[in-house]
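Written out below as structure tokens is the structure these notes cover.
The values are calculated or read from the model by the stated rules, or taken from the named source; none is laboratory data. On a predicted model such as this, the values are computed, not experimentally measured, just so you know. Here the Cβ positions follow ideal geometry from the backbone for every residue, glycine too, while neighbour counts run over all protein chains shown.
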Amino acid sequence: MNTNFKRLVVIGYGKAAGDILKYIADRRLDYAYQLEFIEHEIHALSVTENICTERGIPFQRIPEKEVLARYLDEIAERTLIVSASNNFLFPGALLEKENITIINFHNALLPNYPGRNAPSWVIYKGERETGITWHYVTAGVDEGKIIVQKRCEIGPDEKAYELTERLMNLACEGFAECFDTVLAESAQAVPQDLSGERRLYRSKEIPGDGFLNVAGDAEAAYRLLRCVDYGKSEIFPPLRLEIEGREAVVVRYRKVAPEKREEGEKLLFLPLRSGDFLKIKYRVL
Amino acid sequence: MEEKVLEILEEYCEEALTYEGDNMMEEGIIDSFTVINIVSELEDAFDIEIDAKYVVAENFKNKAAILELVERLLEEA
């Protein structure tokens, strides 16, 4: 199969980057491109370096933004950059280079929920559906033409990390669907409708401003707890709450059946509409 | 303690129970999302907090490493 792209550069971290890297590596049998991987953000459980070693893919760790920008700027060949779970913002000068094409995976259905932590915001807002978008990268954040989208429902108990995992799997499916047309430069990319009001979610924004109102709606509290739940990845700080006038933080939470309700120290039980309880363990500051 | 840990492993990653090697993450037996689930279950089951510094591939390389981690955390608690 033919492509004008001589070089493919994958940038990202985590499962999506790893799976996409494997896919592109396997497709080297069909094309004659050179493949390399750049890890810009370091992740404690990352396995991408190992994937690179196993498959003979050049691996580089470039955490400094300026160094990465300079490295990419020096690329002279016709190159496709695949941005998969990557938070590096490509410099405008790079986007203007004719030999560079960049595609990015966004974990929401653009034009909705552009910016950071989209899985959190869709859960927080009580959306029932979300999905992924592969799009060309342009100067505006998450504004480029859409190459492919895949949809999925959001489960009533789904946590941010669970949804993120499903979206990463969808991203890999979507990538496999569009890979050949992107390489052939024949993808039917569709411009986004950016005419409506569009809110760009920024990295420092925390759903609910990071405060859990335990005296309010338990369903809303459950959504807030689930939407900031990335396990031990400190994407958001622990949620704050107020207990008898004292400030506290959430340690962990769980939905439990009524028969599992066991009162204990520093535990709250909020009744959910289903009859279950939202069990919250907290620590007073 | 061991029985409870193995129960949790069985629920989230049955393969971990019979895995004999020492590289469960890199061999694709377990992924980072499964680790999050296991950590959450362990915290709840033993009423412990597992600090992010312990959530590294080395502590989840096989069943024995996970058991050792929980044992250590229970001793410290």
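Numbers below:
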quantity: Region A:229-250, subset surrounded by fewer than 16 Cβ atoms within 10 Å (Cβ to Cβ) and among the aliphatic types (A, V, I, L, M), residue nearest to A:P119 (Cα to Cα); calculated: A:V249
quantity: Test: A:E77 is surrounded by fewer than 17 Cβ atoms within 10 Å (Cβ to Cβ) and either touching a residue at least 24 places away in the same chain (Cβ under 8 Å) or touching a helix residue (DSSP H, G or I) at 6+ places or on another chain (Cβ under 8 Å) (or both); calculated: yes
quantity: Filtered residues of region B:2-28 (kept if of a type in the set (S, T, N, Q) and in contact (Cβ under 8 Å) with a residue 12 or more places away in the chain); calculated: B:N23
quantity: Candidate set: region A:161-197, residues that are within 14 Å of another protein chain (Cβ to nearest Cβ) and of a type in the set (D, E); chosen: the one nearest to A:R223 (Cα to Cα); calculated: A:E162
quantity: Residue satisfying condition, being at pLDDT 90 or above and farther than 24 Å from A:K22 by Cβ, within set B:E68, B:E15; calculated: B:E68
quantity: Meets criteria (closer than 22 Å to A:S46 by Cβ, within 12 Å of another protein chain (Cβ to nearest Cβ), outside any helix (DSSP H, G or I) and among the charged types (D, E, K, R)) for B:E58; calculated: no
quantity: Within region B:24-55, tally of residues that are among the hydrophobic types (A, V, I, L, M, F, W, C) and either within 18 Å of B:E2 (Cα to Cα) or part of a helix (DSSP H, G or I) (or both); calculated: 11
quantity: So B:E43, is it at negative phi, more than 10 Å from every other protein chain (Cβ to nearest Cβ) and of a type outside the set (G, A, S); calculated: no
quantity: Count of region A:80-100 residues which are crowded, with 20+ Cβ neighbours inside 10 Å and closer than 12 Å to A:V9 by Cβ; calculated: 8
quantity: Pick from region B:11-23, criterion more than 11 Å from chain A (Cβ to nearest Cβ) and part of a loop (DSSP other than H, G, I, E, B), ranking: nearest to the chain's Cα centre (by Cα); calculated: B:C13
quantity: Subset tally (residues that are free of Cβ contacts under 8 Å to residues at least 40 places away in the same chain and acidic (D, E)) for region A:1-45; calculated: 4
quantity: Residue check, B:K4 within 14 Å of chain A (Cβ to nearest Cβ), more than 10 Å from the chain's Cα centre (by Cα), of a type in the set (K, R) and surrounded by fewer than 19 Cβ atoms within 10 Å (Cβ to Cβ); calculated: no
